[in-house]
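Read through the structure below, which is laid out as structure tokens, and then see the notes.
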Amino acid sequence: DSGVTQTPKHLITATGQRVTLRCSPRSGDLSVYWYQQSLDQGLQFLIQYYNGEERAKGNILERFSAQQFPDLHSELNLSSLELGDSALYFCASSLVGQGSSPLHFGNGTRLTVT
Amino acid sequence: KNEVEQSPQNLTAQEGEFITINCSYSVGISALHWLQQHPGGGIVSLFMLSSGKKKHGRLIATINIQEKHGSLHITASHPRDSAVYICAVRSPFGNEKLTFGTGTRLTIIP
């Protein structure tokens with residue numbers, strides 16, 4: 001058990017809708033990362049937060065947004081959903097930055113857009 | 001061409017065999033990660049290294065910065081090692097961006 005909790009495990013929704021994915025990092029970890037894994041693109045880094053502040057941004061669409069709250073949990077909001085947004089979304093956490101401390105992954109949220 | 005290339009894409013071996021998975025990258029990096037993804041989808045971080053070699057149990061990871069190449073070795077492979085192994089490289093520019101390879105699907109036959 002990595003200690004990282006993601007909810008929900010599965011999500012099925014329709015095109016055009018909005019969903020929120022939630023991540024609780026491992027106890028004591030300050031950094032949270034979001035990744036998308038799709039069949040055609042593989043794993044891609046979306047965004048990182050450190051202690052509530054955005055630290056790095058990857059291939060995150062404008063329709064997607066994220067935040068990290070004072071209790072360090074994070075939410076990834078996906079809006080105006082398209083069929084191509086169907087993917088596994090992983091959250092990971094680390095104590096500081098991933099350059100100096102290992103990454104711990106959640107089990108992912110499988111999003112299906114119909 | 002992808003920034004991170006893994007080979008082979010698929011590997012099937014008999015239990016007990018020595019396994020090598022390769023990762024080549026075309027950009028400067030500050031660290032190389034190896035991840036393991038089980039059939040259920042969960043991801044485990046195996047190694048993070050910026051130079052030399054690390055060992056954990058039957059797993060060994062190496063990196064050659066000059067040649068922009070890393071390897072993951074598994075000694076005395078076991079069916080429970082069957083998984084997808086993913087290489088990722090971290091940007092050297094002070095941010096935390098990871099760029100991922102497409103993964104190597106390893107199947108160990110009893």
- request: Label segment A:44-91 by shape, choosing from rounded, prolate and oblate, from the square roots a ≥ b ≥ c of the eigenvalues of the Cα gyration tensor; if a/c is under 1.5 it is rounded, and otherwise prolate applies when a/b is larger than b/c, oblate when it is not.
  value: prolate
- request: Using a/c under 1.5 as the rounded threshold, could you call segment B:29-105 rounded, prolate or oblate? The axes a ≥ b ≥ c are square roots of the C-alpha gyration tensor eigenvalues, and prolate needs a/b larger than b/c, oblate otherwise.
  value: oblate
- prompt: Rounded to a whole number, what % of the accessible area of chain A do carbon and sulfur atoms account for, probe 1.4 Å?
  reply: 47 percent
statement: Excluding near-sequence neighbours (fewer than 8 apart on one chain), chain B holds lysine pairs with C-alpha atoms under 21 Å apart numbering 6
- line: Listed residues A:26, A:55, A:63; largest mean-square fluctuation, Gaussian network over chain A with Cα springs below 10 Å, found at A:63
Accessible area buried between chains B and A, both sides summed, probe 1.4 Å, in Å² to nearest 100: 1500 Å²
query: Under the Karplus relation 6.51 cos²θ - 1.76 cosθ + 1.60, θ = phi - 60°, what is the ordered set of whole-Hz ³J(HN,Hα) values for segment B:59-73, x standing for Gly and Pro?
result: 9, 10, 10, 10, 9, 10, 5, 4, 8, 6, 8, x, 9, 10, 10
- request: Take every DSSP beta bridge whose two residues both sit in the protein assembly as shown, then give the antiparallel share in percent to the nearest 5.
  value: 90 percent
message: Which positions within segment A:68-114 get 40 Å² or more of their accessible surface covered by the other protein chains, compared to the chain by itself, with a 1.4 angstrom probe?
response: A:98, A:99, A:103, A:105
statement: With residue A:80 itself left out, Lys, Arg at +1 and Asp, Glu at -1 over residues whose Cβ is under 11 Å from its Cβ give -1
- prompt: Counting only Cα, what are the radius of gyration and maximum Cα-Cα distance Dmax of chain A, in Å?
  reply: 13.2, 40
message: Once neighbouring chains are kept in place and the probe is 1.4 Å, which whole percent of the accessible area of segment B:1-50 is contributed by carbon and sulfur?
response: 46 percent
For residue B:11, net neighbour charge (Lys/Arg +1, Asp/Glu -1) across residues whose Cβ lies under 13 Å away: -1
- request: Over the whole of B:50-58, what's the average partner chain Cβ count within 10 Å per residue? Rounded to a whole number, please.
  value: 0
field: Alpha-carbon centroids, segment B:42-110 and segment A:70-92: separation in whole Å
entry: 26 Å
query: Semi-axes of the protein assembly as shown's equivalent ellipsoid from the Cα gyration tensor, sqrt of 5 times each eigenvalue, largest first, rounded to whole Å?
result: 29, 20, 16
Residues of segment A:38-114: accessible area per residue with a 1.4 Å probe, Å²: 45 Å²
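The values are calculated or read from the model by the stated rules, or taken from the named source; none is laboratory data. Keep in mind it's a predicted model, so treat the numbers as computed, not measured. When we count neighbours, we look across all protein chains shown, and the Cβ atoms used for this are built from the backbone with ideal geometry, even at glycine. Heads up: the accessible areas ignore ligands, DNA and RNA and are worked out on the full protein's heavy atoms, side chains in. Shrake-Rupley method; radii C 1.70, N 1.55, O 1.52, S 1.80 Å.
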